[in-house]
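Comments concern the structure below.
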Amino acid sequence: MKVVFNSAIEKKASTSAVSPKQPAIAPEENATQQPYPRPVQNTLEAQIALISDGISSGSLDGALGSQTRAALAAFQRDQGLDVTGELDAVTKSNLMLESAPFTTYTVTAEDLARLQPIAPTWLGKSQQTALDFESILELVSEKTFSHPNLIRRLNPEVNWSNVVAGTILQVPNARYPDDPSKAAWVTIHLASRILEAFDAETNLIAHFPCSIAKKVEKRPVGLLHVEVIAPHPNYTFDPDVFPESAEGRELHRKLILPPGPNNPVGVAWIGLDRPGYGIHGTPRPEEVGRTESHGCFRLANWNAEFLLKIVTVGTPVYVVE
């Protein structure tokens, strides 16, 4: 996988299918009057609070699935609690919301101006000015680390096919630490599909779901190092890397795809000191940890961006079974 570096765009969120049977979510009516910090009360609040500790459960969705259980276990381990992976009473009392769990997002004219359809072919993508968001739902979901289904449920009255500038949306109030510590090392656990980063005092500073290579022989177990750090990269499509692509077999040439959240490596590339290998973002954050890659380590775009802030060239990356 080859990446050509160029600063240009921003983020991306998925537009996966939405179940119309899911109930709407009503943010707590007196959220602004409640004293903060306070213990979390439910799974969605826990997912939001974990973000402030650098711990991601994947796309925020309010569901206690495997990635949320892994995130809770990471928090419990870091805090010296019994590691259950459950949102039990002790974990609730230790996991604090620093501010109201919901806030608002106002759609701007600039948001609408950046929307564009993504070509279905590699050649078509290479001819675009950017691989940006396709919809406001996608944009808002990614900016708030959320699954599109959650944003729909928080805003049941919104007509997503006709969102106008000035529309005010309810969204999760999730933020990573503003001034995180630098990582002394990163560990990627292949079996659990988890990436974690630690500081020099062995404190956990990041925990993310991670996709790994489909083929076992393309999983580079051992010690690697960060070699390149590139926000908003271009992407070089190489037909030799995608032998399953009928289009690639017909092209017989490489293509340069522009930056953007719908770029195959998302909005961040962290190249490793093994040719063709890196840690990067993805156009499909909901699939991270659930689908497999051609060989690289894939994160949700927002997690890849946070990782960019805490690693440096030379940071060790341990890939373990």
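Would you please name the residue that is modelled with the lowest pLDDT, looking only at residues in the stretch 10-37 that are among the charged types (D, E, K, R) and surrounded by 15 or more Cβ atoms within 10 Å (Cβ to Cβ)? Among those residues, the one meeting the criterion is GLU10. Comparison of THR104, THR129, THR108, THR144 shows that the only residue that is in contact with a strand residue (DSSP E or B) (Cβ under 8 Å, 6 or more places away or on another chain) and farther than 17 Å from SER59 by Cα is THR104.
Comparison of GLY278, GLY248, GLY260, GLY222 shows that the only residue that is among the small types (Gly, Ala, Ser) and in contact with a Gly (Cβ under 7 Å, 6 or more places away or on another chain) is GLY278. Looking at the stretch 114-154 only, could you name the residues that are free of Cβ contacts under 8 Å to residues at least 12 places away in the same chain and in a helix (DSSP H, G or I)? GLY124 - this is the single residue of the stretch 114-154 that is free of Cβ contacts under 8 Å to residues at least 12 places away in the same chain and in a helix (DSSP H, G or I). The requirement of being within 19 Å of the chain's Cα centre (by Cα), surrounded by fewer than 17 Cβ atoms within 10 Å (Cβ to Cβ) and not in a loop (DSSP other than H, G, I, E, B) is fulfilled somewhere in the stretch 186-203, by at least one residue. Restricting the stretch 272-321 to residues that are aromatic (Phe, Trp, Tyr) and not in a loop (DSSP other than H, G, I, E, B), which is farthest from GLU142 (Cα to Cα)? Ranking the candidates gives TYR318 first.
On the stretch given as the stretch 223-249, residues that are without any contact (Cβ under 8 Å) to a residue 12 or more places away in the chain and of a type in the set (A, V, I, L, M) total 1. In the set (1) of a type in the set (Asp, Glu); (2) within 27 Å of LEU307 (Cα to Cα); (3) modelled with pLDDT of 95 or more, ASP178 fails one condition alone, (3). Quick check: anything in the stretch 253-271 hydrophobic (A, V, I, L, M, F, W, C) and in a helix (DSSP H, G or I)? No, the stretch 253-271 contains no residue that is hydrophobic (A, V, I, L, M, F, W, C) and in a helix (DSSP H, G or I). Selection over the stretch 34-66 of residues that are farther than 17 Å from THR84 by Cα, among the small types (Gly, Ala, Ser) and outside any loop (DSSP other than H, G, I, E, B) gives a count of 1. Quick one: is ASP178 surrounded by 14 or more Cβ atoms within 10 Å (Cβ to Cβ), out of contact with any strand residue (DSSP E or B) (no Cβ under 7 Å at 6 or more places or on another chain) and outside any helix (DSSP H, G or I)? So ASP178 does not fit the description; no.
The values are calculated or read from the model by the stated rules, or taken from the named source; none is laboratory data. Model, not experiment: these values are computed from the prediction. Heads up, the Cβs are rebuilt from the backbone with ideal geometry, glycines too, and the neighbour counts pull from every protein chain shown.
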